[in-house]
Amino acid sequence: MNASKRIRVGMIGYKFMGKAHSNAYRQLPFFFDLPSALELKAIAGRNEEEVKTAAEKMGWLSYETDWQRLIQREDIDLVDIATPNHVHAEMAIAALKAGKHVICEKPMAMSVKEAVQMKAIAEQSGKVNMIMHNYRFAPAVQYAKKLIDSGRLGKIRHIRAVYLNESMLDPNRPFRWRLSKAIAGYGAHGDIGSHIIDLARFLVGEFREVTGMMETFVKERPDASSGRAGQAAGMIEVDVDDTTAFLARFENGAVGVFEASRFAGGNKNGNRFEINGEKGSIRWDLENMNHLHLYLTDDEEGMKGFRTINCTEPVHPYAGHYWPPGHILGYEHTFINLMYELINGIVNGTKPQPDFGDGLRNQAVLEAVSKSVELGRWIKISEILPS
């Protein structure tokens, strides 16, 4: 470790994702030999009491109640944006202009227009930029990528991908920011659908065109902040999708079926895909994330079928940094692996992915699906991206 070349981190946000990111920074030097030491310099949030408590609990040296003040601090090299979606662009652009490296939660922006601007400024800055699509970094997913790239599955024909949970199944669950178009941009489509879009791009290739449908099942929800003892809470309109499904064609000729829903009862975090090629198939499920299921057409007759690979051996990407084979990894390790690539990129001057270019392509697919719903036809990604 090069202790003389420290990377000093500032993070904006401290709730669910802030906790996941903080844990990853703290665990990194325990599992990986880093090219530089890390310092968790400051965390920012509007509620002083809460952000102070979060800083103390999660190991940050200081806190700010103004994110702009955090970005302007000279003792910070990397800005981590773990906030609601509507402020991603403003914060990322300000951080890049202040000479900071940036990692941003997904989806990258509220629109393709914002994403184009973010990508352009990132390229002008020369700073490392990444999007937090952490599921790419599960060892089983990385191993699936190796199998596909090596030609083991042959030409890829199709992908089926779903991200299903039951988080909004209860119609009486109070309104929250993820149900507001002005803050989130999309509902399930952008929240969890962006993850399966990223996995498809990573494993299969670029989308060519899409057609989709969206539905909002519960049109309004209780305002948790408006009710008092003995009084009914007011209601707030839900103006984003509860579920989105779409078909896709890829540039390489593959086809895909995608579904994202927060109304899929019995699913806690059902991020799953199956990819079929001319020589074999693979399956993966986040809820059993260490296992990759592989089928090969050239297996001996009578033995053909999906085999289960426990991706915890040193041959599986990242797995060798943790425990002996069979000692399973978890959700938090996907963040640690991503952060390792981020830090290497900053120190060595490389361009780790997914970066803001990936974020823009993801945003274009999100927007193309939305436009197809509006217009009732297939939409080419080239119609959405600037020429």
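Quick grid of which residues meet (1) over 24 Å from Asn362 (Cβ atoms); (2) in contact with a Lys or Arg (Cβ under 8 Å, 6 or more places away or on another chain):
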| position | (1), (2) |
| --- | --- |
| Gly10 | yes, yes |
| Gln27 | yes, no |
| Phe30 | yes, no |
| Ala92 | no, no |
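Go over the candidates Thr243, Thr211, Thr216 one by one and state the one that is farther than 26 Å from Asp170 by Cβ, at pLDDT 95 or above, surrounded by 15 or more Cβ atoms within 10 Å (Cβ to Cβ) and hydroxyl-bearing (Ser, Thr, Tyr). Step through it out loud before you land on a result.
Details: Thr243 fails: farther than 26 Å from Asp170 by Cβ; Thr216 fails: farther than 26 Å from Asp170 by Cβ.
Result of the check over Thr243, Thr211, Thr216: Thr211.
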> When you scan the stretch 275-387 for helices (runs of 4 or more DSSP H) that lie fully inside it, which ones turn up with 2 or more residues that are in contact with a strand residue (DSSP E or B) (Cβ under 6 Å, 6 or more places away or on another chain) and touching a residue at least 12 places away in the same chain (Cβ under 8 Å)?
Replying inline: 331-348, 356-375
> Which condition number does Cys104 fail, the rest of (1) open to solvent by 20 Å² or more (accessible area, probe 1.4 Å); (2) within 30 Å of Val257 (Cα to Cα); (3) under 18 Å from the mean Cα position of the chain (by Cα) being met?
Replying inline: (1)
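How do the strands (runs of 3 or more DSSP E) wholly within the stretch 1-100 filter down when requiring 3 or more residues that are open to solvent by less than 60 Å² (accessible area, probe 1.4 Å) and β-branched (Val, Ile, Thr): which remain?
Numbers: elements: 7-12, 38-44, 62-64, 78-81.
Counting at least 3 such residues, we get 7-12.
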>> Taking the criterion of being outside any helix (DSSP H, G or I), on the phi < 0 side of the Ramachandran plot, open to solvent by 10 Å² or more (accessible area, probe 1.4 Å) and without any contact (Cβ under 8 Å) to a residue 24 or more places away in the chain, would at least one residue in the stretch 253-274 satisfy it?
In response: no
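Matching residues to (1) under 17 Å from Asp239 (Cα atoms); (2) over 15 Å from the mean Cα position of the chain (by Cα); (3) surrounded by 21 or more Cβ atoms within 10 Å (Cβ to Cβ):
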{"position": "Met168", "(1), (2), (3)": "yes, yes, yes"}
{"position": "Arg176", "(1), (2), (3)": "yes, yes, no"}
{"position": "Ala184", "(1), (2), (3)": "yes, no, yes"}
{"position": "Gly190", "(1), (2), (3)": "yes, no, yes"}
{"position": "Ile196", "(1), (2), (3)": "no, no, yes"}
{"position": "Arg201", "(1), (2), (3)": "no, no, no"}
{"position": "Phe207", "(1), (2), (3)": "no, yes, yes"}
>> Just checking, does the stretch 365-385 include any residue being closer than 24 Å to Ala254 by Cβ, in contact with a Phe, Trp or Tyr (Cβ under 7 Å, 6 or more places away or on another chain) and open to solvent by 50 Å² or more (accessible area, probe 1.4 Å)?
In response: no
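The values are calculated or read from the model by the stated rules, or taken from the named source; none is laboratory data. All of these numbers come straight from a predicted model, not from anything done at the bench. Here Cβ is always computed from backbone atoms with ideal geometry, including for glycine, and neighbour counts include all displayed protein chains. All accessible areas refer to the heavy atoms of the entire protein, side chains included, with ligands and DNA or RNA removed. Shrake-Rupley method; radii C 1.70, N 1.55, O 1.52, S 1.80 Å.
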